[in-house]
Amino acid sequence: ILNSTSLGREESKKIKQDIYNYDLTQYCMLVLRQDHSRLHGGWAIAAQLAEILSHCCVGLEVKEDTEEFYKKFLPSAIDNLLFLGRRLQARFIRAIKDEENQDFLRWFQTVTDAICWLFGGHIQLAACVLQNDHFLQLLITDDVETAVIMMSVLHNILRVNSSVLLQVDEETLHSVLDELVYKLSSTTNPVVGNAATKLLLLVAKFCKQLVKLLTARYKGLKGLLSKQWTGKGFDRDLSQLLDLLDLEQSSGKGEMQRQHQAACIIQATWRGFLTRKRLKKLPQAVTALQRSFRAKREQELQHLKKRKEDEALKLQMQLQRQRAMRLFHERQLALLEIIHASQVNKYMEEMEGKSALTIQRFWRGYRARRNFHQQRQSLKEYKAAVVIQRAACKFLEKRRRRRPLSSWKDPKGLTDEQRLALQQKVDDYIKLHPASQMSEEMSKELHMQAQEKLAQFLLRSRLDQRATQRRETLLAQVNTDVELLMNAPGLAEIMEKDLDVFRSRSIPVATKARQSHNTMLKYTRCPWWKKLGDEFVEDDVIPDDALNAELGTLFIGGRK
């Protein structure tokens, strides 16, 4: 409708007035802030909305709230358009395919044209464009095509309002001029050089006051232009700019002035580098923030998942306990139905005794495991100390044996005075402690009593030893029988060959002897690196740990 040629001037104004009254322009301005990458053809639509917004705002006569329209709505529209341009520029730089690259460049050109059309219809927006942070960030780029487009926008701003550079603040003016000089000093592309040269020439023609700023702030600009950009195809504009600079510098240039000019160029380059570096770090900061947010969210999800799993496990264990308790009660009721009434009390007493034994067994096992875990470190330290002490004692014994005997030296003799003093001390001690005398008969009687007591002790110890051996043998036999009974099949599944285990005593004894023999052979055949902790043990002694690990539940000498 806006591009229709059949509409007259009054009809076009009426349509724009209706669009503004129905808040369609506000809607277009707000939509420009959204992310259009998730929509199919979103960036093309955003570029079209930018064009529609600029055409609707130019030629519009607002009768109500004019102050809000000119001081709030139009600056907001400029800011949103520049923000959209920044997004398109970033995606154009990151685009890989040539087709996408050309599309983003075309949409970027459309948005910049909309900006030019908007401040062309409203001249007061030229200063607003220059003072906007997005415009400076759009201008500071190393991409040739978007940089040329942005310099063309700046060229249109100067043509629309030639005194706009005098209306903005000093920091904005210096930033724009620094970027133009930086592009002349850092690139060799003639397109960029031509655009930057034309801009500086336009600034020097329209604003005579800025020529002095150029000559004072950028003292090496004339030498840079004459050496680097002569013969690049725009010598006419270049010579005009050099003439203007020469006219301003006709008062004379000294050594201090050239040094100041060089310092200004270095500062401009350094400021451009710092600004470019700061702008490059912004995506990294956003990426780091997103990464930390995703990590925190992932941690919360894992914590929630773990809590749900714990709750599900707790519920499952509770259900299993209830099911086991129900089965236990059902089994008890079934047994009570089978057992005679006179045997119920006896059965209940047996069940209570078994339950108490089970509880005690589990409690003792838990307590033993807890004590073992608490004493494991001290036991390990004790064993290590024993090994170290054994090794040290053996080392000292070997060293003592290898030590050569020292040659005999005669003791120093005593003098006569020392001999007399020593003899006097001996006599005095004998007088004070006289020796007890015993007759020969008393000595023989005492000897006979000692011999009788020794014989009685030996006889009694031999009998006790035999009784102990017999008791250990019976205990080992009982333990073996208990294990055989526990491992035996039920009465419904027993075979005739299973009875031989209980009829003959030789089968379990032979099995136990064979397993013990195999364990000893396996220990003797172990490689040397498995015996590093046993280098101070006798060769014919087998550690109890190795025997216990292999024998398992066999009983040797009454011990499991």
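The values are calculated or read from the model by the stated rules, or taken from the named source; none is laboratory data. Keep in mind that this is a model prediction, so the values were computed, not measured. Virtual Cβ from ideal backbone geometry, glycine too; neighbours counted across all protein chains shown. To get the accessible areas, we keep the full protein, side chains included, count just its heavy atoms, and leave off ligands, DNA and RNA. Shrake-Rupley method; radii C 1.70, N 1.55, O 1.52, S 1.80 Å.
Here is how the numbers come out for the structure above:
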item	result
Integer Hz, Karplus 6.51/-1.76/1.60 couplings in order for region 279-289, x for Gly and Pro	5, 6, 7, 4, x, 5, 5, 5, 5, 5, 5
Gain on full stretching of the segment that runs from residue 352 to residue 449 - 0.36 nm per residue minus C-alpha separation	29.0 nm
Electrostatic dipole magnitude of region 231-351 [Cβ: Lys, Arg +1; Asp, Glu -1; Cα centre; debye, to 20]	60
Listed residue pairs exceeding 32 Å between alpha carbons, taken from 212/232; 305/380; 314/380	305/380; 314/380
Sum of -39500 (n - 2.57) over DSSP H runs of 4+, divided by residues of the chain (222 nm, nearest 500)	-26000 deg cm²/dmol
Spacing of the two label points (7 Å from each Cα toward its C-beta) at residue 395 and residue 515, in nm	4.1
Positive-end residue, region 9-249 charge dipole about Cα centroid, Cβ charges, pick of 228, 125, 190	228
Inter-probe distance in nm under a simple model that places probes 7 Å from Cα toward Cβ, at residue 39 and residue 326	5.9
Simple label model, 7 Å out from Cα along Cβ direction - residue 102 to residue 23, nm	4.2
Two-decimal Rg to Rh for region 9-249 - Kirkwood Rh, Cα set	1.01
Equivalent ellipsoid dimensions for region 1-138 as semi-axes, Å, which come from the Cα gyration tensor, largest first	27, 18, 13
Helix axis angle, 235-248 relative to the chain longest principal axis, alpha carbon, degrees	90
Burial order of peptide ranges 72-84, 297-309 (average beta-carbon count within 10 Å, highest first)	72-84, 297-309
Listed residue (393, 489, 135) projecting farthest to the positive dipole end of the chain, Cβ model	393
Portion, in percent, of the accessible area of region 73-126 that falls on carbon or sulfur, probe 1.4 Å	52
Peptides 370-376, 153-159, 89-95 ordered by average Cβ neighbours within 10 Å, highest first	153-159, 89-95, 370-376
Additional length obtainable on full extension of the chain from residue 457 to residue 163, 0.36 nm per residue less Cα span	92.9 nm
With 10 Å bins from 0: P(r) over the chain, alpha-carbon pairs, percent	3, 9, 12, 11, 8, 6, 5, 6, 9, 10, 9, 6, 5, 3, 1, 0, 0
13 Å beta-carbon shell around residue 100, net charge (K/R +1, D/E -1)	+1
Residues in region 61-91 reached by a label modelled at residue 124 [backbone nitrogen below 16 Å; 7 Å Cα→Cβ]	61-79
The chain, accessible area per residue, ligands and nucleic acids excluded (1.4 Å, Å²)	73
Difference of contour (0.36 nm per residue) and Cα-Cα distance, residue 308 to residue 290	3.8 nm
For the chain: relative contact order, % (alpha-carbon pairs under 8 angstrom, 6 or more apart)	7
Options 515, 338, 202, ranked by Cα towards positive dipole end of the chain, top entry (Cβ charges)	515
Computed magnitude of the charge dipole of the chain (debye, nearest 20; Cβ of K, R +1, Cβ of D, E -1)	2060
Net charge contributed by nearby residues that have their C-beta within less than 14 Å of residue 360 (K/R +1, D/E -1)	+3
For region 83-146, projected area of the alpha-carbon convex hull averaged over all directions, nm²	4.2
Volume per residue that the Cα convex hull of region 303-361 spans, once the total is divided by residue count, Å³	74
29 Å Cα-Cα reach of residue 72 towards lysines, excluding residues that sit fewer than 8 places from it in its own chain	13, 14, 16, 63
Hull shadow area, averaged, region 335-479 [alpha-carbon convex hull, nm²]	25.3
Listed peptides 347-354, 165-172, 208-215 by packing density, highest first (mean Cβ within 10 Å)	208-215, 165-172, 347-354
24 Å Cα-Cα threshold exceeded, pairs from 183/227; 346/497; 383/530	346/497
